[in-house]
Amino acid sequence: STGKRLAYVLFTSGSTGMPKGVAGYHHAVLARVGYWQKTFPYEASEELLHHITYTWVDHVMEVWNGLLCGRTLIVMPDVAALIGCVDRPPPSVRRILLVPSVLRAMLDRAEALGKVPTSLLSRVAVSGEPMPATLLSRYRKMVPGGTLVNVYGMTEGHGDCTAAFYPPSRPFDGATDR
């Protein structure tokens with residue numbers, strides 16, 4: 001059984017401001033991967049970008065989801081390389097997990113180039129920062145068939161606690177613009 005077997009330890013100050021180590025367990029990883037696979041199954045030849053630092057809880061989804069589902073991880077050495085994917089998008093990448101400020105930078109780059117890598121940005125999950133309503137509106141205009149998921153989670157919860165899904169068919173319901 002994988003129940004209480006330790007998978008990782010992350011350090012966070014969380015909402016308390018007091019540093020602490022948080023143990024992550026195999027069952028939590030498997031539950032998170034299983035949910036996302038059921039919700040957004042991979043295409044046959046899909047690959048994933050890996051850019052999230054191992055000290056942030058969202059690396060669990062990015063790395064473990066890909067590996068447990070038999071996907072190739074394309075490692076991005078830094079944020080500049082990730083934003084550079086707008087210039088030369090990997091053809092087999094169909095989803096990406098970003099903080100909203102990096103999504104904004106990618107959309108800025110796409111506007112400057114006059115082209116939007118719609119396959120790369122077809123499924124975007126954002127996490128780690130407030131998601132402004134203006135950015136969601138801009139994403140929808142630039143990637144009309146895209147789906148954006150605004151995810152909130154915490155290290156202590158081992159991942160996602162709540163999510164707002166914005167597929168192309170869902171009317172915008174007024175996320176706050178912070």
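The values are calculated or read from the model by the stated rules, or taken from the named source; none is laboratory data. This is a predicted model, so every value here is computed, not measured. Here the Cβ is made from the backbone with ideal geometry for all residues, glycine too, and neighbour counts use every protein chain on show. These area figures cover heavy atoms from the full protein model, side chains too; ligands, DNA and RNA do not enter into them. Shrake-Rupley method; radii C 1.70, N 1.55, O 1.52, S 1.80 Å.
Would you check if G34 is surrounded by 11 or more Cβ atoms within 10 Å (Cβ to Cβ), in contact (Cβ under 8 Å) with a residue 24 or more places away in the chain, small (G, A, S) and more than 20 Å from S119 (Cα to Cα)? Spelling it out, it is not the case that G34 is surrounded by 11 or more Cβ atoms within 10 Å (Cβ to Cβ), in contact (Cβ under 8 Å) with a residue 24 or more places away in the chain, small (G, A, S) and more than 20 Å from S119 (Cα to Cα). Of the numbered criteria (1) buried (at least 17 other Cβ atoms within 10 Å of the Cβ); (2) over 18 Å from V99 (Cβ atoms); (3) without any contact (Cβ under 8 Å) to a residue 12 or more places away in the chain; (4) not acidic (D, E), the one G24 fails is (3).
Kindly check whether there is at least one residue in segment 1-21 that is under 14 Å from the mean Cα position of the chain (by Cα) and of a type in the set (S, T, N, Q). Looking for residues that are under 14 Å from the mean Cα position of the chain (by Cα) and of a type in the set (S, T, N, Q), one finds none in segment 1-21, hence no. Residues that are assigned to a loop (DSSP other than H, G, I, E, B) and within 14 Å of the chain's Cα centre (by Cα) were ranked within segment 55-66; the one that is surrounded by the most Cβ atoms within 10 Å (Cβ to Cβ) is V57. In the condition set (1) without any contact (Cβ under 8 Å) to a residue 60 or more places away in the chain; (2) closer than 19 Å to E129 by Cβ, V57 is compliant with all but (1). Contact map, segment 98-112: residues that are without any contact (Cβ under 8 Å) to a residue 60 or more places away in the chain paired with residues that are among the small types (G, A, S) and open to solvent by 10 Å² or more (accessible area, probe 1.4 Å), Cβ distance under 6 Å, separation 6+ or inter-chain. Pairs shown: V99/G128. Selection over segment 37-54 of residues that are open to solvent by less than 40 Å² (accessible area, probe 1.4 Å), free of Cβ contacts under 8 Å to residues at least 60 places away in the same chain and among the aromatic types (F, W, Y) gives a count of 1.
A single member of V116, V86, V75, V79 is in contact (Cβ under 8 Å) with a residue 24 or more places away in the chain, out of contact with any strand residue (DSSP E or B) (no Cβ under 7 Å at 6 or more places or on another chain) and more than 25 Å from P167 (Cβ to Cβ), and it is V79. Counting the residues of segment 28-78 that are among the acidic types (D, E) and closer than 18 Å to L103 by Cα gives 3. When V9, V29 are checked against the criterion of being in contact (Cβ under 8 Å) with a residue 40 or more places away in the chain, in contact with a strand residue (DSSP E or B) (Cβ under 9 Å, 6 or more places away or on another chain) and hydrophobic (A, V, I, L, M, F, W, C), V29 stands alone in meeting it.
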